[in-house]
């Protein structure tokens, strides 16, 4: 099957919004082995929309449309899609009832405009929107299957996963084998190293293994085709187990949960607690770990010790260490990790100090240098790295490495350091995201 | 002029990358009063690329292309663009020299593939790329002006601003009046309030005033058309001054600098220093303020006091206050701001405590409640808000409000609180970003 992703809205064409819906829709299509051939965006303009709908129907088998389902005069997707293929609009009583119920639930008054959202092209199948006012719909037109969804990302994602994906899976199954895919997240080795470590895996014709770089991670996408859903899932489970066994702790998670969620779940499971002492990352580790709802179960807090005086006074780093070795040094990062662990009474203390740039480097301590330390009841481990990256990506890679250390320590795995990276062939700086 | 933005790359169509280039390109076009009519993405596939180039030339006056200029076999933009319009490729000696110099500078070896990047469609004007290996080019074909630029965002942005924008400005001037626009950033009042406060401004035919919502800000885009660049710039300067006078401290900056940069510059100018005590924002304020290169001149650090024990022991919040009022309360936020200011010896201390959700609320203290306090030599100011937003946006709006307080205090302006919001008609929750 060939797909087109079509997003609609003046705000996109004015560049007011970075359109993340396109990437989400294309990712999900790929999970069903459906290739996105075109991504298109047009304004809320009937002639341009009409051209886009008709062209999409002529060149693709399925068209995922996002945006233009709202209640305002600018929201024209339903009406123009119907016109484009000579269809009438019809009231769907059930959808009207749903919209009415939504307004009752949130305690707001329903307007006539909102009622207009219960009209759909004749022959369309209504797709409920449990968290917004705009239902979506599925429509077969000129041999192409259209799915119209809201533009609000969280409403889109829910409708996509609950309503659209099962229908697309059924359709693509009708046309060929059942496909199942997963996303395995890895951190710490490069794409070429992953590729060579897995070169003899997934070589059968019904299996595929895709590699993606999504800074600072590399992800794997094992995919399986089979005659039935059960067979595809079983084969995929075996394949994933084989990959995990081969790669060990390099695989840190599966699906959409990021490192901060994986680490949070592990901390909660083990009844462990974490405190962080940050210099160059400036609060970035704390920010990520506390982004996860319920983080207060395991995250006690941290000290952002940007000034040396803060390292002394809030983290008990001895003045002599700072004077002798400088703030960016192994003795200081060790003292920071131990200090924050003691101050917060945490089972784990993690610390960073480095030079994220662009200024502040010297011959001895170049821009990109960063020290990381992890303290627990058994002692303190420290390493240093040089990441030749711009400030934002230096901070991102450092926070990811620090969180990964916490994960590896809780799992009893070796912590990533320059030597582990060398052994696994992943020492090169991660590729640019593009 | 009508424009199309065309981005090329398999990684886009697989959803591996959220394509921020499209928004950047469309924003810049709008600064020249050029409307983006279509945004299109295609794979690294010659037939699809050819169709896209030809269609763009047939429906638009200028086409901004990004991606496909690299040295690998997947990078086909130059070759396919030439083929699409029956042009030969020609070696540009100067570009070859530039690529050679680039490799010498970064100490890497130049391959034959890199040399291929010095070939361009005949008639093209080469656009230098001072920070990457791939030069871009401008090409007139079938009445449309194509600009081919790299896909790497920082290379794209530099080439766009230094090479493409001046050429586009000259071209659009040839076809009509000179246009100049600016972006004014505002925080603290809603779009409708801005609109009504400025209803009698920019009513002349040569002026325009656009409004955009970019959570949590609202931005204004004053635009001016005139016969010469000097006249347009002078008229625009007058218009901006008028808007700033009308809105006062609501306008916090201009162009691309965010609140953290504006606050950083003010702190540096005044020789002031800042320390932060964060509970619900979890390090987000520290992370933002330290994101700016050189932040160590004014940012001393902070305490992320997620656990109550940290509020007591690192911020000297009295146990009795915590027991009596709870962690999310005005007395506690005041003590946090004063405590962090004293501990770090900062001129300004700012603190947050609240319930970002989704869990943790009660009848007394609902999800969305947040207290903010600012302590300085003159005393401590505290307010509370209820922001009915999801966790990520609650945290974002809170960090922005806290940073805005620092800015307003340094400027001697009234701090934003519920009463100021009510007076200025901006009390409603900011609109969704979409």
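If you check B:232, B:227, B:237, which single one turns out to be farther than 22 Å from residue B:414 by Cβ, free of Cβ contacts under 8 Å to residues at least 60 places away in the same chain and surrounded by 15 or more Cβ atoms within 10 Å (Cβ to Cβ)?
Details: B:227 fails: surrounded by 15 or more Cβ atoms within 10 Å (Cβ to Cβ); B:237 fails: surrounded by 15 or more Cβ atoms within 10 Å (Cβ to Cβ).
The conditions single out B:232.
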Item to check | Verdict on residue A:231 being within 30 Å of residue A:405 (Cβ to Cβ) and outside the structural domain of residue A:127 (by TED's automatic domain parsing) | outcome: no
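Between A:96, A:12, which is touching a strand residue (DSSP E or B) at 6+ places or on another chain (Cβ under 7 Å) and either within 12 Å of another protein chain (Cβ to nearest Cβ) or in a helix (DSSP H, G or I) (or both)? Can you show your working first?
Working: A:96 fails: touching a strand residue (DSSP E or B) at 6+ places or on another chain (Cβ under 7 Å).
Answer to the selection: A:12.
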Next on the checklist: So, residue B:333, is that one closer than 19 Å to residue B:382 by Cα, at the interface with chain A (Cβ under 10 Å from one of its Cβ atoms) and touching a residue at least 24 places away in the same chain (Cβ under 8 Å) or not?
Outcome noted: no
Next on the checklist: What's the total number of residues in region B:131-158 that are without any contact (Cβ under 8 Å) to a residue 60 or more places away in the chain, in contact with a helix residue (DSSP H, G or I) (Cβ under 7 Å, 6 or more places away or on another chain) and surrounded by fewer than 18 Cβ atoms within 10 Å (Cβ to Cβ)?
Outcome noted: 1
Checklist entry - Does residue B:145 satisfy the condition of being part of a strand (DSSP E or B) and closer than 30 Å to residue B:71 by Cα? => result yes
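So for region A:85-101 (the condition being free of Cβ contacts under 8 Å to residues at least 12 places away in the same chain and under 29 Å from residue A:169 (Cβ atoms)), does at least one residue qualify?
The initial filter retains those residues of region A:85-101 that are free of Cβ contacts under 8 Å to residues at least 12 places away in the same chain, namely A:86, A:97, A:100-101.
Subset that is under 29 Å from residue A:169 (Cβ atoms): A:97, A:101.
So far as region A:85-101 goes, yes, one or more of its residues are free of Cβ contacts under 8 Å to residues at least 12 places away in the same chain and under 29 Å from residue A:169 (Cβ atoms).
Just to be sure before I move on: is residue A:126 part of a strand (DSSP E or B), more than 19 Å from residue A:70 (Cα to Cα) and either touching a strand residue (DSSP E or B) at 6+ places or on another chain (Cβ under 6 Å) or in the same structural domain as residue A:225 (by TED's automatic domain parsing) (or both) in the structure I sent?
Values: part of a strand (DSSP E or B): yes; more than 19 Å from residue A:70 (Cα to Cα): no; either touching a strand residue (DSSP E or B) at 6+ places or on another chain (Cβ under 6 Å) or in the same structural domain as residue A:225 (by TED's automatic domain parsing) (or both): yes.
Answer is no for this residue.
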Item to check | Selection count, region A:297-329, where residues are surrounded by fewer than 19 Cβ atoms within 10 Å (Cβ to Cβ) and facing another protein chain (nearest Cβ under 9 Å) | outcome: 2
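Among the residues of region B:57-76, is there at least one that is part of a helix (DSSP H, G or I) and within 13 Å of chain A (Cβ to nearest Cβ)? Steps first, answer last, please.
Residues of region B:57-76 that are part of a helix (DSSP H, G or I), as a first pass: B:57-59.
After this cut, where a residue has to be within 13 Å of chain A (Cβ to nearest Cβ) as well, the list is B:58-59.
The answer is yes, given that some residue of region B:57-76 is part of a helix (DSSP H, G or I) and within 13 Å of chain A (Cβ to nearest Cβ).
Across region A:193-232, which residue is modelled with the lowest pLDDT among those that are assigned to a strand (DSSP E or B) and out of contact with any strand residue (DSSP E or B) (no Cβ under 6 Å at 6 or more places or on another chain)?
A:213
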Next on the checklist: Anything in region B:269-290 that is under 24 Å from the mean Cα position of the chain (by Cα) and more than 14 Å from chain A (Cβ to nearest Cβ)? List them, or say none.
Outcome noted: B:269
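Kindly indicate whether residue A:67 is more than 30 Å from the chain's Cα centre (by Cα) and at positive phi. Give the steps one after another, and end with the answer.
Details: more than 30 Å from the chain's Cα centre (by Cα): no; at positive phi: yes.
When the stated conditions are applied, residue A:67 does not pass them.
With B:271, B:264, B:253 as the choices, which residue is in contact (Cβ under 8 Å) with a residue 40 or more places away in the chain and more than 20 Å from residue B:173 (Cα to Cα)?
B:253
Please verify whether region A:84-92 includes one or more residues that are in the same structural domain as residue A:155 (by TED's automatic domain parsing) and crowded, with 21+ Cβ neighbours inside 10 Å.
The answer is yes, given that some residue of region A:84-92 is in the same structural domain as residue A:155 (by TED's automatic domain parsing) and crowded, with 21+ Cβ neighbours inside 10 Å.
Residue by residue, here is whether (1) within 30 Å of residue B:218 (Cβ to Cβ); (2) at pLDDT 90 or above holds:
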position	(1), (2)
B:116	no, no
B:140	no, yes
B:144	no, yes
B:147	no, yes
B:157	yes, yes
B:184	yes, yes
Checklist entry - Would a scan of region A:164-176 turn up a residue that is under 30 Å from residue A:113 (Cβ atoms) and touching a strand residue (DSSP E or B) at 6+ places or on another chain (Cβ under 9 Å)? => result yes
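Scan the strands (runs of 3 or more DSSP E) fully inside region B:330-406 and keep the ones with 2 or more residues being surrounded by fewer than 18 Cβ atoms within 10 Å (Cβ to Cβ).
On the way: elements: B:348-354, B:369-376, B:379-386.
Once the strands (runs of 3 or more DSSP E) in region B:330-406 are filtered for at least 2 residues that are surrounded by fewer than 18 Cβ atoms within 10 Å (Cβ to Cβ), what remains is B:379-386.
Kindly check whether there is at least one residue in region B:2-14 that is surrounded by fewer than 20 Cβ atoms within 10 Å (Cβ to Cβ) and either over 19 Å from residue A:36 (Cβ atoms) or over 27 Å from the mean Cα position of the chain (by Cα) (or both).
Quick first cut of region B:2-14, residues surrounded by fewer than 20 Cβ atoms within 10 Å (Cβ to Cβ) only: B:2, B:10, B:14.
Filter once more, so that each one left must be either over 19 Å from residue A:36 (Cβ atoms) or over 27 Å from the mean Cα position of the chain (by Cα) (or both): B:2.
Looking for residues that are surrounded by fewer than 20 Cβ atoms within 10 Å (Cβ to Cβ) and either over 19 Å from residue A:36 (Cβ atoms) or over 27 Å from the mean Cα position of the chain (by Cα) (or both), one finds at least one in region B:2-14, hence yes.
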Checklist entry - Can you spot a residue in region B:63-71 that is surrounded by fewer than 18 Cβ atoms within 10 Å (Cβ to Cβ) and out of contact with any helix residue (DSSP H, G or I) (no Cβ under 7 Å at 6 or more places or on another chain)? => result no
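Assess whether residue A:293 counts as being farther than 24 Å from residue A:392 by Cβ and either at the interface with chain B (Cβ under 7 Å from one of its Cβ atoms) or under 22 Å from the mean Cα position of the chain (by Cα) (or both).
Yes; evaluated as a whole, the condition is true for this residue.
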Next on the checklist: If a residue counts only when it is in the same structural domain as residue A:342 (by TED's automatic domain parsing) and touching a strand residue (DSSP E or B) at 6+ places or on another chain (Cβ under 9 Å), which helices (runs of 4 or more DSSP H) contained entirely in region A:276-329 have at least 3 such residues?
Outcome noted: A:284-290, A:308-315
Checklist entry - Tally time: how many residues in region A:26-54 are within 17 Å of residue A:149 (Cβ to Cβ), more than 7 Å from every other protein chain (Cβ to nearest Cβ) and in contact with a helix residue (DSSP H, G or I) (Cβ under 7 Å, 6 or more places away or on another chain)? => result 6
Checklist outcome for this item: (1) closer than 20 Å to residue A:76 by Cβ; (2) loosely packed, with under 13 Cβ neighbours inside 10 Å; (3) modelled with pLDDT of 95 or more all hold for residue A:161 apart from (1)
Checklist entry - So which residues in region B:18-41 are in contact with a strand residue (DSSP E or B) (Cβ under 8 Å, 6 or more places away or on another chain) and more than 17 Å from residue B:164 (Cβ to Cβ), if there are any at all? => result B:19, B:37, B:38, B:40, B:41
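The values are calculated or read from the model by the stated rules, or taken from the named source; none is laboratory data. Treat the numbers as computed from the prediction; the structure is a model and nothing was measured. Note that we place each Cβ from the backbone using ideal geometry, even for glycine, and neighbour counts take in every protein chain shown.
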